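The values are calculated or read from the model by the stated rules, or taken from the named source; none is laboratory data. As the structure is a computational prediction, the values presented were derived from the model and not from experiment. We place every Cβ from the backbone using ideal geometry, glycine too, and count neighbours over all the protein chains shown.
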Amino acid sequence: MGMTMTQKILAAHAGLKEVKAGQFIEAELDIVLGNDVTTPVAIKEFKKMGATSVYDKNKVVIVPDHFTPNKDIKAAEQCKMVREFSVDMDIENYFEVGQMGIEHCLLPEKGLVVAGDVIIGADSHTCTYGALGAFSTGIGSTDMAAGMARGKAWFKVPGAIKFELVGKPKKWVSGKDIILHIIGMIGVDGALYKSMEFVGEGFENLSMDDRFAMANMAIEAGAKNGIFMVDEKTIKYIKAHSKKEYSLYNPDKDAEYDETYVIDLSTIRPTVAFPHLPDNTRTIDEVGEVKIDQVVIGSCTNGRMEDMRIAAEILKDKKVAKNLRVIIFPGTQNIYLQCIKEGIAEIFVKAGAVFSTPTCGPCLGGHMGILAPGERAIATTNRNFVGRMGHPESEVYLSGPAVAAASALTGYITNPEKI
Amino acid sequence: MITKGKVFKYGNNVDTDVIIPARYLNTSDPDELAKHCMEDIDKDFAKKVQEGDIIVANKNFGCGSSREHAPIAIKASGISCVIASTYARIFYRNAFNTGLPILECQEASEKIKNGDEVEINFITGEIKNITSNEVYHAQPFPEFIQKVIDSDGLVNYVKSNL
Ligand code: SF4
């Protein structure tokens with residue numbers, strides 16, 4: 001029987017000719033990732049295991065991004081522990097403030113992850129790298145510890161749902177709108193255990209940044225991973241960023257999928273997820289009048305260059321609405337610099353927005369934009385759970401960069417077509 | 001390896017907050033956690049449970065947070081195995097990694113009732129319901145998952161395999 005893309009990558013990394021859904025395997029790891037929240041716990045487990053060195057100092061990546069630049073003393077202690085560990089283990093890819101970015105924007109940009117890789121990360125949005133045709137998934141701290149020690153992880157081979165993308169998205173519709181649409185359709189446990197595999201000629205109409213945003217939110221449908229087929233755009237991206245060798249794994253013609261959805265990208269509307277789950281979606285036409293107190297543009301979902309450009313296109317020569325806070329945080333230092341070069345930083349500041357250094361910041365209610373009780377934000381982040389951006393009685397609405405930027409001008413959730 | 005015990009039966013979406021409420025997460029001591037295991041869904045669980053007993057539930061067992069305290073609490077309470085029709089995937093990993101045996105079996109999860117006496121053979125995946133005299137089949141653990149469980153979790157497994 002044929003295999004899916006995910007199954008082929010896993011088989012190759014387990015030294016097997018074939019794997020089937022449900023089978024347990026042990027796979028070799030190309031990258032093991034951790035951040036300032038999960039790595040401290042993993043370091044403790046790593047020591048309990050009796051490990052004294054990491055399996056490959058070039059394959060462990062540590063990015064302190066959640067509470068950095070250090071938010072408070074506790075965060076500073078966590079970061080200190082992670083920094084010392086990185087020095088002790090001689091870890092090549094530890095990214096200090098000044099070089100660091102939001103991990104899932106940073107790793108592809110630094111060329112650390114490429115097509116055909118198997119990647120685990122102690123962060124649930126590690127699934128982002130599926131955009132490059134890699135198998136990439138989030139795990140717990142004990143798994144990270146074992147991965148650092150042995151360079152291997154066990155997996156149960158997932159079944160898959162096929163998303164056949166056709167057509168071309170309209171103006172102001174980005175990868176975020178498409179993935180919100182899909183999650184709204186299948187639900188937050190719609191892809192439990194499974195791979196979401198994105199194929200079909202329509203995916204070639206999506207930019208790499210669109211694909212990163214979509215793979216990023218596979219976890220919000222309960223999926224183990226999301227993965228895109230590789231086309232010329234992917235290869236161009238990989239070659240521009242990485243010297244690593246990549247491998248291509250296309251799904252077999254007779255690969256078995258549990259379900260198949262055909263998605264016509266030309267019919268998707270700008271989409272918003274209402275509180276408190278990412279599957280509580282409405283199209284922009286159904287939103288009604290929702291007043292907001294804060295706009296957040298950034299995160300590992302939508303903190304990339306294209307997101308910044310879309311926001312700038314809408315905010316250019318305009319002012320943000322009165323009594324509204326608009327916070328924009330790019331994903332990496334490179335994106336930050338590019339925004340300066342293209343004049344985008346100036347557009348944001350002149351419009352009256354905050355333009356911040358890269359950090360997870362408000363996305364997880366960490367710092368840099370916490371909500372008070374009763375306040376509402378529209379954000380290009382990925383989770384709108386109770387209390388995600390601050391007080392449990394605050395609300396987060398999720399959207400793509402165009403809707404968020406349009407809303408910044410009015411103070412209400414706004415259709416960018418009407419600006 | 002064979003285990004036998006009495007069944008505690010629950011429904012769909014048993015989340016990590018009912019398995020071990022967040023208010024008890026200020027410790028990671030297994031025995032302390034076990035005292036509050038399942039407290040918010042079955043307040044006498046900790047008093048009634050005996051060494052070897054089995055939890056059976058329906059779909060999406062262990063959904064919610066990634067806290068490893070959940071499988072640790074279940075294991076420390078004396079439960080020898082959890083059977084469910086499906087698991088949330090991070091719980092699934094964490095269970096094996098902390099040395100708690102879990103099986104997936106739709107039929108067992110539908111047919112087994114609260115209080116039934118059940119015997120499980122981990123090598124063959126056979127689940128015998130002694131009370132109703134029925135047999136169900138789950139996929140047995142592959143060899144290395146069995147090794148992880150036998151080593152009492154991933155930390156010890158890695159320790160002996162470095
Ligand atoms: S930006 Fe948000 S979702 Fe992404 S890694 Fe940071 S906290 Fe997690």
Does segment B:149-162 hold any residues that are at the interface with chain A (Cβ under 8 Å from one of its Cβ atoms), in contact with a Gly (Cβ under 7 Å, 6 or more places away or on another chain) and aliphatic (A, V, I, L, M), and which are they? B:Leu162
Does any residue of segment B:135-148 turn out to be within 14 Å of chain A (Cβ to nearest Cβ) and in a strand (DSSP E or B)? yes
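Results for (1) in contact with a helix residue (DSSP H, G or I) (Cβ under 9 Å, 6 or more places away or on another chain); (2) under 15 Å from A:Ile179 (Cα atoms); (3) not in a helix (DSSP H, G or I), shown as yes or no for each residue.
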{"residue": "A:Ala218", "(1), (2), (3)": "yes, yes, no"}
{"residue": "A:Ala223", "(1), (2), (3)": "yes, yes, yes"}
{"residue": "A:Gly226", "(1), (2), (3)": "yes, yes, yes"}
{"residue": "A:Lys233", "(1), (2), (3)": "yes, no, no"}
{"residue": "A:Lys236", "(1), (2), (3)": "yes, no, no"}
{"residue": "A:Lys239", "(1), (2), (3)": "no, no, no"}
{"residue": "A:Lys243", "(1), (2), (3)": "no, no, yes"}
{"residue": "A:Tyr249", "(1), (2), (3)": "yes, no, yes"}
{"residue": "A:Tyr261", "(1), (2), (3)": "yes, yes, yes"}
Looking at segment A:51-77 only, could you name the residues that are more than 16 Å from the ligand (Cβ to nearest atom) and of a type in the set (A, V, I, L, M)? A:Ala51, A:Val54, A:Val60, A:Ile73, A:Ala76
For A:Val296, work out the one condition from (1) under 20 Å from A:Gly411 (Cα atoms); (2) more than 16 Å from the ligand (Cβ to nearest atom); (3) in contact (Cβ under 8 Å) with a residue 12 or more places away in the chain it doesn't fulfil. (2)
Positions within segment A:50-78 being hydrophobic (A, V, I, L, M, F, W, C) and at pLDDT 95 or above, in sequence order: A:Ala51, A:Val54, A:Val60, A:Val61, A:Ile62, A:Val63
Which one is nearest to the other protein chains (Cβ to nearest Cβ), of the residues in segment A:13-31 that are in a strand (DSSP E or B) and at pLDDT 95 or above? A:Ala27
Selection count, segment A:264-299, where residues are crowded, with 18+ Cβ neighbours inside 10 Å, β-branched (Val, Ile, Thr) and not in a strand (DSSP E or B): 4
Pick from A:Thr68, A:Thr52: which is under 26 Å from B:Asn161 (Cβ atoms), among the hydroxyl-bearing types (Ser, Thr, Tyr) and either under 26 Å from the mean Cα position of the chain (by Cα) or in a loop (DSSP other than H, G, I, E, B) (or both)? A:Thr52
Which one of A:Asp258, A:Asp307 is under 29 Å from A:Lys194 (Cα atoms) and in contact with a Pro (Cβ under 7 Å, 6 or more places away or on another chain)? A:Asp307
Does A:Lys80 satisfy being in a helix (DSSP H, G or I) and more than 14 Å from every other protein chain (Cβ to nearest Cβ)? yes
Only one of these is over 18 Å from B:Asn13 (Cβ atoms), out of contact with any His (no Cβ under 6 Å at 6 or more places or on another chain) and either surrounded by 15 or more Cβ atoms within 10 Å (Cβ to Cβ) or away from chain A (no Cβ under 11 Å) (or both): B:Gly99, B:Gly125. Name it. B:Gly99
Give me the residue from segment B:59-96 that is away from chain A (no Cβ under 12 Å), on the phi < 0 side of the Ramachandran plot and assigned to a loop (DSSP other than H, G, I, E, B) and, out of that set, surrounded by the most Cβ atoms within 10 Å (Cβ to Cβ). B:Ile79
